[in-house]
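K.L.:
There's a structure below that I have some questions on.
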Amino acid sequence: MSWDLRAAKPPRVVDTTLRDGSHAHRHRYTVAEARAIARALDEGGVYGIEVAHGDGLGGSSLQYGFSRTEEMELIRAVREEVKRAKVAALLLPGIGTRKELKEAVEAGIQMVRIATQCTEADISEQHFGMAKEMGLEAVGFLMMAHMRPPGFLAEQALLMESYGADVVYIVDSAGAMLPEDAYARVKALKEALTRAQVGFHAHNNLGLAMGNTLAALAAGADWVDATLRGSQ
């Protein structure tokens, strides 16, 4: 299947190397590494740089793996390093709390990405409320989105939009989508949402992260995620 990208507008790109990429690095980033990566990404023109434990704010634990460097220290270092890119963090309700979000704002984040299972958008209402109270750009993540059909995901996205999300993402957490799956899900959100923009976050388990991202762009995605050496 081919996608006509001639009408697609350039998306906002958020790099997740210093968050999602932390899993591959066993949460061992140093301040020096974070600064070097952030500096290169900022010079490369990405819109946002996500920084946190791989499982989001508050994820450094026995259950999820301890971080070598405390995530607030990494956030502060990245914020000091960048000149243009926005600094973001991921928050999973139940792992991250108001305490960690407040600390992250004090450390310098300008954007929070609030992630729920794609069937549980209703648990994010208070978190979006906190984000907007704190003056953050608020992004919703519908994780494991391959498990539900496009129409159902659109309903969940509408909930996040009603809570204040500026963007809602289709997230292929398991890397299980084919390009037609990504296209249909992004298109459903584009047709349903009236205010929020639409993003797409791919994983490369099937070697289709790039293909799925191109399909999402063909369907009208406004934001896409990337990570350094993500297809390696």
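The values are calculated or read from the model by the stated rules, or taken from the named source; none is laboratory data. Quick caveat: nothing in here was measured; it's all calculated off a predicted structure. As a convention, Cβ positions derive from the backbone with ideal geometry for all residues, glycine included, and neighbour counts pool all protein chains shown.
K.L.:
Might you check whether a residue that is within 14 Å of the chain's Cα centre (by Cα), β-branched (V, I, T) and either over 21 Å from G94 (Cα atoms) or in a helix (DSSP H, G or I) (or both) occurs anywhere in the stretch 190-201?
P.N.:
Taking the stretch 190-201 first, the residues within 14 Å of the chain's Cα centre (by Cα) are 197-201.
Of the ones still in play, those that are also β-branched (V, I, T) are 198.
Still in the list and also either over 21 Å from G94 (Cα atoms) or in a helix (DSSP H, G or I) (or both): 198.
Yes.
K.L.:
Only one of D55, D20 is acidic (D, E), more than 14 Å from L228 (Cα to Cα) and not assigned by TED's automatic domain parsing to the domain that holds L136. Can you tell me which?
P.N.:
On the way: D20 fails: more than 14 Å from L228 (Cα to Cα).
Just one listed residue meets the conditions, D55.
K.L.:
Another question, then. From the list E161, E191, which residue is surrounded by 21 or more Cβ atoms within 10 Å (Cβ to Cβ), free of Cβ contacts under 8 Å to residues at least 40 places away in the same chain and among the charged types (D, E, K, R)? Walk me through how you get there before you give the answer.
P.N.:
On the way: E191 fails: surrounded by 21 or more Cβ atoms within 10 Å (Cβ to Cβ).
Going through E161, E191 in turn, the sole match is E161.
K.L.:
How many residues does the stretch 76-106 hold that are of a type in the set (A, V, I, L, M, F, W, C), within 22 Å of W223 (Cα to Cα) and part of a loop (DSSP other than H, G, I, E, B)? I'd like the intermediate steps shown before the answer.
P.N.:
At the first step, the residues of the stretch 76-106 found to be of a type in the set (A, V, I, L, M, F, W, C) are 77-78, 82, 85, 87-92, 95, 101, 104-105.
Those still in the list that are within 22 Å of W223 (Cα to Cα) too: 78, 82, 85, 87-92.
Next cut, part of a loop (DSSP other than H, G, I, E, B) only: 82, 85, 92.
Going through the stretch 76-106 one residue at a time, the tally reaches 3.
K.L.:
Give the stretch 143-182 a look and list any residue that's under 17 Å from the mean Cα position of the chain (by Cα), within 14 Å of Q197 (Cβ to Cβ) and not in a loop (DSSP other than H, G, I, E, B), or say none.
P.N.:
A157, M160, E161, V167, V168, Y169, I170
K.L.:
From D166, D122, D172, D181, which residue is buried (at least 24 other Cβ atoms within 10 Å of the Cβ) and of a type in the set (D, E)?
P.N.:
On the way: D166 fails: buried (at least 24 other Cβ atoms within 10 Å of the Cβ); D122 fails: buried (at least 24 other Cβ atoms within 10 Å of the Cβ); D181 fails: buried (at least 24 other Cβ atoms within 10 Å of the Cβ).
Going through D166, D122, D172, D181 in turn, the sole match is D172.
K.L.:
Just give me the residues in the stretch 21-55 being assigned to a helix (DSSP H, G or I) and modelled with pLDDT under 95, in sequence order.
P.N.:
Here is the first cut: in the stretch 21-55, the ones assigned to a helix (DSSP H, G or I) are 21-22, 31-44.
If the condition is that a residue be assigned to a helix (DSSP H, G or I) and modelled with pLDDT under 95, then G21, S22 are the ones that fit.
K.L.:
Still on this model: Here is a list: A121, A77. Which entry is touching a residue at least 12 places away in the same chain (Cβ under 8 Å) and either more than 25 Å from V224 (Cβ to Cβ) or among the polar types (S, T, N, Q) (or both)?
P.N.:
Numbers: A121 fails: either more than 25 Å from V224 (Cβ to Cβ) or among the polar types (S, T, N, Q) (or both).
Criteria check complete, one pass: A77.
K.L.:
Looking at (1) out of contact with any Lys or Arg (no Cβ under 8 Å at 6 or more places or on another chain); (2) in a loop (DSSP other than H, G, I, E, B); (3) closer than 23 Å to A184 by Cα, which one does T119 not meet, given that it meets all the others?
P.N.:
T119 satisfies every listed condition except (1).
K.L.:
What do you reckon, is G59 within 19 Å of the chain's Cα centre (by Cα) and either closer than 30 Å to Y183 by Cβ or without any contact (Cβ under 8 Å) to a residue 12 or more places away in the chain (or both)?
P.N.:
Working: within 19 Å of the chain's Cα centre (by Cα): yes; either closer than 30 Å to Y183 by Cβ or without any contact (Cβ under 8 Å) to a residue 12 or more places away in the chain (or both): no.
Here the answer is no, as G59 does not meet what is asked.
K.L.:
Quick one: I75 ticks every box in (1) more than 21 Å from V167 (Cα to Cα); (2) in contact with a His (Cβ under 8 Å, 6 or more places away or on another chain); (3) buried (at least 18 other Cβ atoms within 10 Å of the Cβ); (4) of a type outside the set (F, W, Y) except a single one, so which number is it?
P.N.:
(2)
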